[in-house]
Amino acid sequence: MRPTSLDGDPAGPIRVARSTHPSGTRVRVGSLEVGGPAFVVAAGPCAVENTAQTEAVAEAVAGAGASLLRGGVFKPRTSPYAFQGLGEPGLTILSRAGRRYGLPVVAEVLDPAQLETMLDRVDVLQVGARNMQNFSLLRALGKVKAPVLLKRAFSATLEEWLLAAEYLLDGGNDQVILCERGIRTFERATRNTLDLASVALAKQRTHLPILVDPSHATGMRELVIPMSLAAAVAGADGLLVEVHPQPEHALCDGRQALTPAQFGELMERLGPVLQAVGRTLQGRAREAQADRAVSP
Ligand code: PEP
Ligand code: MN
């Protein structure tokens, strides 16, 4: 039976409302948990470009303590002439790299027709900002068993974002992770405007876990570390960060990609900030940091 909306609007968010699950949803991805006390970091290239690039990023981010490997293979590009992703062969590269380094993988799905091939090889299905209100895609993802990472559209209000998640829960899939990735405002100095107030508010309004993507939110690698630390303080459950072994040669979003060394610095700096707000890094990250502390 359909529960009733607390604010009385029969078309308002219901199943995503915090009041339906006050202790918060924990989304399981293999042995990981997103939305529990531990903070999770998903990192990797914007796009899977080739085997060497993907393996190099996977090795670097696993070594620094990431919990998940991200990489796009079907890319939603603004221009039809821009690199569109490797498509299905990219899925094989990504899933092999994830398996080799023990990282579950996140990749974007653009079309329900891609689900069959993706479900075997991808652990978390990303819905990109451009597809947040693609209702036939949301309906299809409501029927799958895999977790979904739902990014906020550039122009979506918090209410619209939560209602997009409501489609997934209404379809039967409650394994949903939200992701704030910046919204479009009058400010052009950054690629988008990171709306951390909505992250803090969303934590009060919904039981779903929330990641922050400081890469697309700012478009500038030098802002990724400060915004990541701010996201941790604002109550995010984790990060989605772009990393490339040679950002200057990236086929997509190089300007916002961290180098592996910068990603290592981010992971180091997250520890004390999380501690200050009563959280810890996901176990794997803690182990990577402990290893570095004892190695000469
Ligand atoms: C991405 O994660 O690479 C991406 C395309 O993000 P967004 O949908 O937020 O633009
Ligand atoms: Mn990108």
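All of Arg255, Arg269 fail the test of being more than 16 Å from the chain's Cα centre (by Cα), more than 15 Å from ligand 2 (Cβ to nearest atom) and either surrounded by fewer than 21 Cβ atoms within 10 Å (Cβ to Cβ) or at positive phi (or both), apart from Arg269.
Here the condition is being part of a helix (DSSP H, G or I), within 16 Å of ligand 2 (Cβ to nearest atom), in contact with a helix residue (DSSP H, G or I) (Cβ under 7 Å, 6 or more places away or on another chain) and of a type in the set (A, V, I, L, M, F, W, C); of Ala202, Ala231, Ala217, Ala164, it holds for Ala217 alone. Would you check which residues across the stretch 173-231 are under 16 Å from Ala153 (Cβ atoms), without any contact (Cβ under 8 Å) to a residue 60 or more places away in the chain and either of a type in the set (A, V, I, L, M, F, W, C) or away from ligand 1 (no atom under 12 Å from the Cβ) (or both) and list them? If the condition is that a residue be under 16 Å from Ala153 (Cβ atoms), without any contact (Cβ under 8 Å) to a residue 60 or more places away in the chain and either of a type in the set (A, V, I, L, M, F, W, C) or away from ligand 1 (no atom under 12 Å from the Cβ) (or both), then Leu178, Ile183, Thr185, Thr193, Leu194, Asp195, Ser198, Val199, Ala202, Ile210, Val212, Ala217 are the ones that fit.
Contact map, the stretch 136-152: residues that are farther than 13 Å from Ala165 by Cα paired with residues that are part of a loop (DSSP other than H, G, I, E, B) and among the charged types (D, E, K, R), Cβ distance under 8 Å, separation 6+ or inter-chain. Pairs shown: Ala146/Asp123. Put simply, of Gly87, Gly72, Gly65, Gly98 the only residue that is more than 16 Å from ligand 2 (Cβ to nearest atom), in contact (Cβ under 8 Å) with a residue 60 or more places away in the chain and not charged (D, E, K, R) is Gly65.
Val40 - would you say it is among the aliphatic types (A, V, I, L, M) and in a strand (DSSP E or B)? When the stated conditions are applied, Val40 passes them. For the stretch 135-148, a residue qualifies if it is more than 15 Å from Gln114 (Cβ to Cβ) and either in a loop (DSSP other than H, G, I, E, B) or within 17 Å of the chain's Cα centre (by Cα) (or both), and the qualifying residues are Lys145, Pro147.
Condition check: touching a strand residue (DSSP E or B) at 6+ places or on another chain (Cβ under 6 Å), closer than 17 Å to Ala42 by Cβ, in contact (Cβ under 8 Å) with a residue 12 or more places away in the chain and part of a helix (DSSP H, G or I). Does Val241 satisfy that? Break it down into steps so the answer makes sense when it comes.
Values: touching a strand residue (DSSP E or B) at 6+ places or on another chain (Cβ under 6 Å): yes; closer than 17 Å to Ala42 by Cβ: yes; in contact (Cβ under 8 Å) with a residue 12 or more places away in the chain: yes; part of a helix (DSSP H, G or I): no.
The answer is no for Val241.
Residues in the stretch 80-102 include at least one that is more than 23 Å from Leu239 (Cα to Cα), in contact with a Cys (Cβ under 9 Å, 6 or more places away or on another chain) and part of a loop (DSSP other than H, G, I, E, B).
Checked against (1) crowded, with 24+ Cβ neighbours inside 10 Å; (2) at pLDDT below 95, Asp213 meets all criteria but (2). Residues that are surrounded by fewer than 16 Cβ atoms within 10 Å (Cβ to Cβ) and in contact with a strand residue (DSSP E or B) (Cβ under 6 Å, 6 or more places away or on another chain) within the stretch 183-201 comprise Thr185, Glu187, listed in sequence order.
The values are calculated or read from the model by the stated rules, or taken from the named source; none is laboratory data. Given the structure is predicted, the values throughout are model-derived calculations rather than measurements. Using ideal geometry, Cβ is built from the backbone for each residue, glycine included, and neighbour counts are taken over all protein chains shown.
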